[in-house]
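Any read-out appearing in this document is the output of simple, stated calculations on the displayed coordinates, not a laboratory observation. Owing to the predicted nature of the structure, the values given are computational and were not obtained by experimental measurement. Using ideal geometry, Cβ is built from the backbone for each residue, glycine included, and neighbour counts are taken over all protein chains shown.
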Amino acid sequence: MDARTEMLKLIRNRRDGFSLQQPFYIDPDFYKLDMELIWYRDWLFVGHNCEIARPGSFFTVQVGDYPVVVVRGRDGEIRAFHNSCRHRGSRVCNTERGTSARLVCPYHQWTYDLDGKLVFARQMAENFDKADFGLKPVACENVGGYIFICLAKEPADFAPFRAMMEPYFAPHNLVDAKVAHESTIIEKGNWKLVWENNRECYHCAANHPALCKTFPEAPTVTGVNGAESDPEMLEHWAKCEAAGLPSRFRIDDAGQYRATRAPLLRDAVSYTATGRRAVGKNLSDRVSTDRIGTLMLYHYPTTWNHILGDHAVTFRVLPISPTETAVTTKWLVHKDAIEGVDYDLQNLIHVWTETNDEDRRIVEENAFGIRSPAYEPGPYSELHEGGVIQFVDWYAGFMEPRLSEGERPVLRSVA
């Protein structure tokens, strides 16, 4: 049985409310199908507008086999290209980020303008037409200070996500923020294990002492388990919306993305050891209310986020192999905030640096145990792991029709 057929069979026969079968977490062929059918076909968060604020500034990202460069043009537009020279395929930009008037391949100096057009190719034949060899474009959209790309030849419509996300993020003005700190950790576990761990706080009390000083463990917080009937959530939404901050839980029909605003514990206003502000200057001049809690955005498969009054913490998930995942965290502050004056960097990053490392250990222990021949799917807690159930349901619901695209029709005998 080939991997496609096996995966489809396991998805169709999976037990609702239980974890997935072992191959979904460790099998190289299942991983290739994940890449082909999700990562190479859907919109992926890759970075922020503020990271490439000036014309010529760029950053690079690796999505599976695809190196991509994201660059701001002289016209201010943000574009993405396959980071592969049209001469012999060398990477054009081989650093994580930089600024350049043009993109020059270091191999033979083929030179591309910021809009991807080839402008210089040394000593080529007389009939060589530069117009035929520009960088290949990658679909690119930006909304609310976030940049998304899609590697598919025919990307899904981005408009529904834009329509949902934009009102929530507009007041926070992340376009005018800056990255105060960035870290990437490699978790030795499948990307779905990283997401499953993120989607519940069943484990928080025993594993995240710093985070639990400010972040509620209540299963209603992320909106999946009955938030709309939780009096504390309803009160918080009403207070924030009265201040002009969209807050109520919203989710798309497919369950791929959602946003909601949740209160922090007691009098906490930020993710710090004390719950007090980490940054003296507000993240946005448009938000004056202090106790707004955290705006949470989830977009499968690449990002979850916490946007507070004084700073934002954003997360990007990128698979490296069947059993390795890169998690990149960025702390954003107001562009005019000054380290050592408006914020202490260690105080700013402490809670999520600790939490990320704790989650890394959890994911790796989970992955270690799943490799055992004795592993079999276990039941999720309906009370505490509704978010995990929702993620696994989304994954199965996304994969089944895509796996079925190559399925042979069943021939039925005519009576």
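Relative contact order of region 44-150: 28 percent, from C-alpha pairs under 8 Å at least 6 residues apart in sequence. Taking trypsin sites (Lys or Arg not before Pro) across region 52-125, the ones in a DSSP loop with at most 15 further Cβ atoms lying within 10 angstrom of their Cβ are Arg74, Arg88, Arg102, Lys117, Arg122. Largest mean-square fluctuation among Leu245, Leu193, Leu234, in a Gaussian network model of the chain whose springs join Cα atoms under 10 Å apart, belongs to Leu234.
With a Förster radius of 60 Å applied to the beta-carbon distance between Glu324 and Glu126, the computed FRET efficiency rounds to 0.80. Residues of region 290-330 with an amide N closer than 17 Å to a point placed 7 Å from the Cα of Tyr66 along the Cα-to-Cβ direction: 300-303, 317-321.
Roughly how many whole Å is it from the C-alpha centroid of region 168-243 to that of region 288-304? Cα centroid of region 168-243 versus Cα centroid of region 288-304: 6 Å apart. Taken about its Cα centre, region 44-150 carries a charge dipole of roughly 260 debye when the Cβ of each Lys and Arg holds +1 and the Cβ of each Asp and Glu holds -1. What the phi angles of region 54-63 give under the Karplus curve with 6.51, -1.76 and 1.60, with θ = phi - 60°, is a coupling list of 10, x, x, 7, 8, 9, 10, 8, 10, 10 Hz, glycine and proline written as x. Residue by residue, region 288-293 carries 3J(HN,Hα) couplings of 10, 5, 7, 8, 9, x Hz when phi is fed to the Karplus relation 6.51 cos²θ - 1.76 cosθ + 1.60 (θ = phi - 60°); x denotes Gly or Pro. With the convex hull drawn over the C-alpha atoms of region 131-285, the volume per residue is 190 Å³. Here the extension length gained between Arg371 and Ala396 equals 6.9 nm, from 0.36 nm per residue of separation less the Cα-Cα distance. The phi-based Karplus calculation (6.51 cos²θ - 1.76 cosθ + 1.60; θ = phi - 60°) puts the 3J(HN,Hα) values of region 168-183 at 5, 9, 3, x, 8, 6, 5, 4, 9, 8, 8, 7, 7, 7, 9, 9 Hz, whole numbers, x for Gly and Pro.
Under 10 Å, Cα contacts only: if you run a Gaussian network model on the chain, which one of Ala131, Ala262, Ala170 comes out with the highest mean-square fluctuation? So, out of Ala131, Ala262, Ala170, the one fluctuating most is Ala131. Look at the dipole of region 162-370 built from charges on Cβ: of Ala259, Cys204, Ala273, the Cα furthest out on the positive end belongs to Ala259.
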